[in-house]
Amino acid sequence: MSGMGRATAEAPANIAFIKYWGTRDPEATLPYNPSISMTLSECVSRCTIERREGAVGEDEVLFRPRGGDLAPAPAGFAAGVRHHLAALSKWAGAPGPFRVTTANNFPTGAGIASSASGFAALALAFTGLVGRQVSPRELSVLARRSGSGSAARSALGGYVEWPAGDDEGEGYAVELAAAERWELHDLVAVVDAGRKGVSSRGGHEAAPSSPYFQARLELLPERLEIVREAIAARSLADLGPVVEEEAIDLHLVAMSSRPPIFYWQPATLAVLAAVRELRSDGISVWATIDAGPNVHLICEPPSVEPVAARIGALPEVQELIRDRVGAGPRLVEEHVS
Ligand code: DP6
């Protein structure tokens, strides 16, 4: 896979049940609180890396959004990739400059963890390029060094916990359960596919200024335990209410940060209302929302079609992306071009 001096990796997005919100150590990207997520299978980033032989100067960073053409990456993403490349290059003792091309098959920057998948893919592709085999733990640390903490979780498949970690060396995610253990689905109700107004980074920085930040942290040990046990017992009845409560708390903290950050739109509330209606009709489906307006609907296989029918028919919903738990990143032969 490192033949011809190029390597390509594919890594999925993930959806957090317990959110990472607030960065304790921005230098090392260590969070205030542990987070737990499910790695997805359909929403993926593919990343190809090669060394720009004989070239001097900057790394070249190209990006292909869903349905678009390959072009120079947006400035923010390109800066993140260069920062990540510097860390990866130092780790491997392999100098650049490099050429990186990333393609996403889902909307970017709209709360579907595109940086998590993008940076996990970059970390794995880099190991392929330099011919180094790494453990999932090492890959998680390498992905985290991108500065996107949730990328530490996209380094693994299935159900994943990223502990708060006392020091830099402990900052890696671990598997709680393999994907095959429990077939959970994530239907993403896209109400706005555009880029979000405030980045997660901005949200992490502002979070401790909320009067509810500390209150949420105090609730988390119990929530984390319920989520770990619900995953072990495959109990959506136990998992669902906590996941929904936790998502609302993240946004409560964001909305009460100084200055306040609003990711929700009227359409977000319309989807949340429809989710409550579905539950009152006896369908077990639970909502979670990342740093954007789109709503992730978590359910088991028998509920997928009824949920898709009801939510997909809402005028506020532009698109429904069907995803589910997945196995994690892998090196692939087919390069992005
Ligand atoms: C709300 O800094 O890891 O998704 O938005 O992907 O840059 P990007 O991510 P990051 O923050 C993630 C925040 C979150 C919650 C979560 O995934 O835990």
Residue within region 44-63 that is open to solvent by less than 10 Å² (accessible area, probe 1.4 Å), closer than 30 Å to residue 219 by Cα, touching a His at 6+ places or on another chain (Cβ under 8 Å) and part of a strand (DSSP E or B) present: no
Residue list for region 26-39, restricted to those being touching a residue at least 24 places away in the same chain (Cβ under 8 Å) and either part of a loop (DSSP other than H, G, I, E, B) or under 20 Å from residue 206 (Cβ atoms) (or both): 26, 28, 29, 30, 31, 32, 33, 34, 35
All strands (runs of 3 or more DSSP E) inside region 134-235 with 3 or more residues being more than 13 Å from the ligand (Cβ to nearest atom) and open to solvent by less than 10 Å² (accessible area, probe 1.4 Å): 185-190
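May I ask you to verify whether residue 93 is free of Cβ contacts under 8 Å to residues at least 12 places away in the same chain, open to solvent by 60 Å² or more (accessible area, probe 1.4 Å) and among the small types (Gly, Ala, Ser)?
Answer is yes for this residue.
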Criterion violated by residue 289 - all others in (1) out of contact with any His (no Cβ under 9 Å at 6 or more places or on another chain); (2) under 21 Å from residue 35 (Cα atoms) satisfied: (1)
Residue match in region 274-290 (condition: touching a helix residue (DSSP H, G or I) at 6+ places or on another chain (Cβ under 7 Å), open to solvent by 10 Å² or more (accessible area, probe 1.4 Å) and polar (S, T, N, Q)): yes
Answer from 85, 124, 70, 129 - the residue that is surrounded by fewer than 18 Cβ atoms within 10 Å (Cβ to Cβ), farther than 30 Å from residue 222 by Cα and away from the ligand (no atom under 16 Å from the Cβ): 70
Any hit, region 22-30, residues being of a type in the set (Val, Ile, Thr) and within 26 Å of residue 287 (Cα to Cα): yes
Set 103, 116: member being hydrophobic (A, V, I, L, M, F, W, C), out of contact with any helix residue (DSSP H, G or I) (no Cβ under 9 Å at 6 or more places or on another chain), surrounded by 21 or more Cβ atoms within 10 Å (Cβ to Cβ) and under 26 Å from residue 40 (Cα atoms): 103
Region 8-44: number of residues that are more than 13 Å from the ligand (Cβ to nearest atom), touching a Ser or Thr at 6+ places or on another chain (Cβ under 7 Å) and hydrophobic (A, V, I, L, M, F, W, C): 1
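The values are calculated or read from the model by the stated rules, or taken from the named source; none is laboratory data. A quick note: this is a predicted structure, and the numbers were derived from the prediction, not measured. So basically every Cβ, Gly included, is an ideal-geometry build from the backbone, and we count neighbours across all protein chains shown. These area figures cover heavy atoms from the full protein model, side chains too; ligands, DNA and RNA do not enter into them. Shrake-Rupley method; radii C 1.70, N 1.55, O 1.52, S 1.80 Å.
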